[in-house]
Amino acid sequence: MSTGEFVWATQLSLGTDLTPRSMAAALVRSELYLFPEVVDVLPTDRADAVVIVHDGPARPAAWRAELEEAGII
């Protein structure tokens, strides 16, 4: 459910290095757009993490499960 008023940023540990970091963010972004609350995915200075920008509650377990199912992590 989108509130339209606020967005949050949650760092998501991937548990594995994905490099280059910008490509990792794009790969994760393409998979997590299945979740309506995900607004964007940004790289971090770590190769094993991304920042999920979302509108609504964070769902890191669901996001990780989707990435695992897709074979990304």
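For this structure, a couple of remarks:
- Here the extension length gained between residue 34 and residue 64 equals 9.5 nm, from 0.36 nm per residue of separation less the Cα-Cα distance.
- On Cα atoms only, tilt of 21-32 relative to the major axis of the chain in degrees: 50 degrees
- Relative contact order for the chain: 41 percent, from Cα pairs under 8 Å spaced at least 6 residues apart, divided by residue count.
- Under the Debye formula (equal points on every Cα, no solvent term), log10 I(q)/I(0) of the range 8-69 at q = 0.15, 0.21 Å⁻¹: -0.35, -0.72
- Using alpha-carbon coordinates, inclination of helix 60-69 to the longest axis of the chain, degrees: 50 degrees
Read the figures in this text as sums done on the coordinates, not as results from a lab. The shown structure was predicted, so the numbers you read here are calculated from the model rather than taken from an experiment.
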